[in-house]
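Here, each number is a calculation from the coordinates, and none is a lab measurement. Since the model is a prediction, treat every value here as computed from it, not as a measurement. So basically every Cβ, Gly included, is an ideal-geometry build from the backbone, and we count neighbours across all protein chains shown.
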Amino acid sequence: MERFAAVCAALARAALNVASFCLAVLGAVVIYGVVLRYAFNASQPYVEQVALLMVISVAMFGAAAGVHDAGHIGLDSVVRRLPERVRRAIGAIVDVLVLAFALLLLWGSAHMAESTWHNTIPTLGISEAFRYAPPIAAGLLIGLFSLERLIGPRPAAS
């Protein structure tokens, strides 16, 4: 279990690094597009599509890292007042629901990637399916991290 937890921790760090890199690229691409448009009156058609791919990547990889670190929004003021055993059960239910979400995200994204594989993003010259690569990766990571939380030792809820 320790090895699995170490692999998951490394994957979460990698996901956060990918999200950070994509955020930096997003900022650079948007600044580049704005400067070209307003300073030189020469906007590039690919800027918007690259920015969209970066936004999707930041959101998906950031969400996966957040699931690993249990950094999601929690409305737990009532749960904190419950007995330890009930808090643990609620935590397990949440992890099962997150796992179900990850599987749906993975399935839906894979289905969309398959159905759009032959369509091309005109300004980039790549398949539309590339838009679904970040959600597919995030679905895999979120599922893996949820599984880790389910089968691993559950920390005492605070």
Go ahead and run the numbers for FRET between Val55 and Ser115, Cβ-Cβ distance against an R0 of 22 Å, rounding to 0.05. 0.55
Tensor-based shape of region 79-158 (alpha-carbon gyration tensor, a/c under 1.5 rounded, otherwise prolate or oblate): prolate
At R0 = 25 Å, how high is the FRET efficiency between Asp69 and Val25 if r is their beta carbon distance? Nearest 0.05 is fine. 0.65
Segments 102-113, 29-40, 59-70 sorted - mean Cβ within 10 Å per residue, highest first: 59-70, 102-113, 29-40
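With +1 on each Lys and Arg Cβ and -1 on each Asp and Glu Cβ, and nothing else charged, work out how big the dipole of the chain is about its Cα centre, in Debye to the nearest 20.
Numbers: 11 positive and 9 negative charges, 101 e Å.
The calculation lands at about 480 debye.
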Rounded to the nearest 500, what is the 222 nm mean residue ellipticity of the chain from helices alone, with -39500 (n - 2.57) per DSSP H run of 4+ residues and division by all residues? -26000 deg cm²/dmol
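Kirkwood hydrodynamic radius for region 7-71: how many Å is it when counted over pairs of different Cα atoms?
Details: mean 1/r = 0.0788 Å⁻¹.
It is 12.7 Å.
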Computed over the chain, the relative contact order (Cα-Cα under 8 Å, seq sep at least six) in percent reads 29 percent
Please report the spacing between the Cα centers of region 92-141 and region 16-88 in Å, no decimals. 16 Å
Positive-end residue, the chain charge dipole about Cα centroid, Cβ charges, pick of Ala9, Leu36, Ala138: Ala9
Plugging the Cβ-Cβ distance of Val79 and Ala5 into 1/(1 + (r/R0)^6) at R0 = 25 Å yields, to the nearest 0.05, a FRET efficiency of 0.55
What percentages, rounded to whole numbers, describe P(r) for region 2-151 computed over all alpha carbon pairs with 5 Å bin width beginning at zero? 2, 9, 14, 16, 16, 13, 11, 7, 5, 3, 2, 1, 0
